[in-house]
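Each reported figure results from applying straightforward, stated rules to the coordinates on display, with no laboratory input. No experiment lies behind these values; they were computed from the predicted model shown. Cβ coordinates were reconstructed from backbone atoms using ideal geometry, including for glycine residues, and neighbour counts include every protein chain displayed.
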């Protein structure tokens with residue numbers, strides 16, 4: 001594994017889209033069904049995210065993510081369907097288990113919300129290069145020190161994770177057991193994690209030096225090389241998404257009156 | 001006024017008592033190439049870091065005297081400002097990557113971006129530097145996926161583009177393989193003609209002698225000598241400063257006897273019958289990490305008690321071979337026998353008390369807070385009594401030159417001492433076989449001598465020492481048997497004199513001859529001997 | 001007590017943050033490699049909090065979850081960035097108050113971290129997932145409280161309590177052991193009150 005990021009450059013229109021548009025899309029996708037307050041809004045937004053993912057040629061990559069949330073959704077259905085605090089009307093029974101209508105409805109709402117968030121995030125995560133995104137943030141005045149923290153995590157964490165197998169081998173070579181009783185396994189944790197921690201911290205000293213000699217944290221204004229500029233389509237989509245959120249808000253207020 | 005002026009510089013690291021730099025005064029002119037030599041711990045790196053201002057601003061601690069670079073008082077200039085004037089490159093190639101960029105191109109841009117240079121100018125400078133250092137073809141690669149030598153060149157390029165007046169090279173090749181070392185030295189060659197003032201700390205003194213206008217010899221935080229290479233390397237007391245006692249510099253007269261005394265004559269095959277006992281037998285072993293990408297096919301090898309060096313370029317299969325011997329990997333087919341028993345039936349833990357393995361990076365194993373506890377960890381794991389474990393640990397520490405360090409925190413030690421700790425931690429397990437992976441990395445002259453002594457002592461005790469090595473000089477001086485590997489095959493084996501006389505095979509394995517051998521041959525050719 | 005939050009945002013502290021996040025990842029990795037019944041995925045956050053102070057701890061914690069969430073697409077983790085932020089903050093504050101100095105005292109630190117986790121997570125659990133946490137044992141407990149007719153918030157609180165507190169106690173023990181073994185030449189880099197002494 002050389003990178004933490006799930007981003008792949010497929011050269012699709014989603015890749016070319018300005019990161020801020022995609023961020024705004026997440027906001028819209030989450031807000032619209034919640035503000036609108038209607039259950040049928042969820043399937044629309046979810047379907048929209050799926051269409052976007054397919055058009056960006058990364059739907060297949062989002063499938064494991066969906067599978068990941070499946071256990072969570074299952075637990076929610078079980079717990080809420082059976083034990084929802086305001087349970088009244090029985091919906092159906094499986095053996096001794098009684099599912100209540102209110103609980104199942106509530107679970108559906110939560111699950112739709114999870115799925116919706118997941119897919120809208122996927123639209124951003126799968127199509128946006130982190131360094132490019134951070135460049136954009138810097139252009140908008142995000143402090144370079146924080147920008148560095150974000151990009152460096154994506155570079156350094158995978159390198160640290162690579163050391164796992166070597167450390168396991170090195171300690172096993174000195175006769176340490178990594179299998180067996182719980183106590184044996186607990187005892188093995190410190191000899192495994194300590195070398196990583198120590199060398200990671202020792203390495204921070206050298207990396208800090210490497211950064212200082214490259215002018216990290218200078219007072220002057222930094223050059224940002226990124227050539228990306230906002231295209232008319234980016235601005236158009238941003239406005240569109242904001243208008244959609246506002247429309248939902250107006251509609252909700254109007255329907256309450 | 002000189003470019004660098006140092007007056008009565010004193011420095012002490014926080015929480016320590018000894019002065020790391022003790023009353024240093026010297027001045028360096030623009031355009032000079034200065035070599036800095038001395039044993040590990042003499043204060044060479046500290047001096048380098050005092051010129052760029054990391055000492056004292058980054059480390060804190062106690063500071064005295066005055067350092068001026070290009071008219072600027074270093075102590076009062078933050079390093080991020082100082083870096084316009086002074087660039088620093090150090091040992092570990094990996095830690096020099098900023099981590100801020102995903103491509104080599106971006107990585108090299110990083111420093112100049114911080115300086116706020118115009119984008120057009122950045123592109124021009126970076127393109128030039130990448131081409132100059134032959135890494136243009138890697139510009140879109142992730143810097144973390146390069147080899148050590150390539151990473152180190154990226155680090156040098158990143159400093160060059162910032163156009164400093166002075167570059168400090170702090171043992172840039174000490175953690176690289178021979179190919180990486182060559183790559184970096186060819187870059188240093190190019191730098192010598194650019195007019196940049198260079199300070200280079202280096203253990204490969206022959207190289208340094210060729211480049212340097214003047215040499216600083218340091219010991220114990222003080223400058224012992226500061227003179228031309230001829231004058232410094234002629235001193236008869238070099239060994240007392242932990243510096244290799246004989247250094248060839250262009251024009252030096254050398255006799256064959258001198259070559260043999262200082263570079264050894266290669267270890268001649270030992271005919272003792274006791275060393276002929278077979279320890280490992282590798283029979284028809286096939287191995288691959290990924291299906292369809294075989295590493296070994298039908299590998300056969302027999303290892304007896306002679307100390308054995310395995311040499312070859314990265315990717316030749318050396319580490320895979322020793323991991324098979326240690327049982328960390330299992331052959332796909334074929335068998336490996338240890339003392340006539342097949343090891344495929346044993347677990348790593350079962351072999352732990354028979355075969356010891358010192359990994360290349362000591363930081364992958366050290367986790368205790370005292371050196372002695374670290375060294376006792378293995379012995380206790382394999383069932384030694386605490387008393388016996390302590391005895392063995394003390395003996396091992398003494399052998400590795402770490403007596404008196406028992407209660408020190410290993411991570412307060414320097415890398416070369418941590419390496420010795422790791423070796424001691426395996427020796428203390430009193431195994432029949434000791435496998436060493438690149439033991440000489442980061443060691444100076446004295447450290448290499450200590451490891452050589454350990455190998456002889458272990459052999460005398462009837463133990464088999466196997467080492468993977470890139471350091472041909474060390475192989476030449478210390479190993480009775482040499483195995484040359486390339487792309488998963490054993491190209492040849494024999495004693496060091498036999499192996500290093502086979503020019504064709506060395507060429508195929510892309511290996512170089514030991515310095516003494518090569519020097520002798522070239523001097524003989526030119527009739528200077 | 002204004003200096004409890006004193007933070008030195010120098011280069012050494014900045015590079016500490018990615019290292020701490022890496023340590024979090026590896027803690028999780030080794031815990032699952034050894035099949036331990038705990039997460040142990042906040043060791044780095046606690047180390048960051050103890051070395052760099054509460055603010056650094058909070059940044060480590062929050063960023064850890066944000067990045068984990070963004071890279072695995074697991075938005076469940078994403079929301080708990082707020083929890084991790086408060087864990088870092090709580091551990092950092094208690095550490096600055098001197099509760100990391102001895103082993104018995106460190107339990108106060110662990111408790112602070114554990115409680116911060118529980119108090120912040122409970123409302124999040126209730127708002128987003130109706131009270132469950134995704135941990136089998138905790139959720140079984142939650143289900144039984146709901147069956148017994150207890151309020152959602154209380155059930156979710158207990159759900160978190162049994163999951164988070166033991167994990168945080170062990171995490172702090174490990175952090176304590178690691179801190180004790182840190183070389184001096186490293187800790188001096190994070191000393192907020194360090195001064196350069198003159199030698200002439």
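Quick rundown of the values:
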read-out	value
Whole-angstrom gap from segment B:360-384 to segment A:1-57, using each part's C-alpha centre	50
For chain A, built as a Gaussian network whose Cα springs stay under 10 Å, the top-fluctuating residue of A:41, A:82, A:27	A:82
Fewest-first sequence of B:83, C:50 by Cβ atoms within 10 Å of each Cβ	B:83, C:50
Relative contact order, percent, segment A:29-153 [alpha-carbon distance under 8 Å, six or more residues apart]	28
Helix C:136-147 vs. chain C, principal-axis angle (Cα, 0 to 90°, nearest 10)	50
Pairwise FRET efficiency - residue B:239 versus residue B:398, Cβ, R0 = 25 Å, nearest 0.05	0.70
Inter-part distance where segment B:160-178 and segment C:86-132 are each reduced to a Cα centre, Å	46
Where labels lie 7 Å past Cα in the beta-carbon direction, separation of residue B:192 and residue A:54 in nm	6.7
Two-site label geometry, residue B:72 and residue B:8: point separation in nm, points 7 Å out along Cα→Cβ	2.5
Prolate/oblate/rounded call for the protein assembly as shown, Cα gyration tensor, a/c under 1.5 rounded	prolate
Inter-centroid distance (Cα atoms) of segment A:117-167 relative to segment A:195-221, Å	18
Percent RCO, i.e. relative contact order, over segment B:95-163, from Cα pairs under 8 Å lying at least 6 residues apart	47
GNM flexibility winner over chain A from A:110, A:26, A:50 (Cα, springs under 10 Å)	A:110
Shape category assigned to segment A:134-212 from the gyration tensor of Cα positions, a/c cut at 1.5	prolate
Calculated [θ] (222 nm, deg cm²/dmol) that DSSP helices of n ≥ 4 give over the protein assembly as shown, each run adding -39,500 (n - 2.57)	-16500 deg cm²/dmol
B:12, B:141 arranged by Cβ crowding within 10 Å, fewest neighbours leading	B:141, B:12
Ranked C:28, C:168, B:190, criterion: other C-beta atoms within 10 Å, fewest first	B:190, C:28, C:168
Angle between chain B longest axis and helix B:445-460 axis [Cα atoms, degrees, rounded to 10]	10
Max mean-square fluctuation residue, GNM over chain C, Cα-Cα springs under 10 Å, options C:95, C:140, C:116	C:140
Chain A: Rg to Rh, with Rh as the Kirkwood radius over Cα pairs	1.07
In degrees, nearest ten, helix B:119-132 long axis to first principal axis of chain B (Cα)	50
Cα shape, segment B:389-464, gyration tensor, a/c 1.5 rule	oblate
Percent RCO, i.e. relative contact order, over segment C:50-92, from Cα pairs under 8 Å lying at least 6 residues apart	54
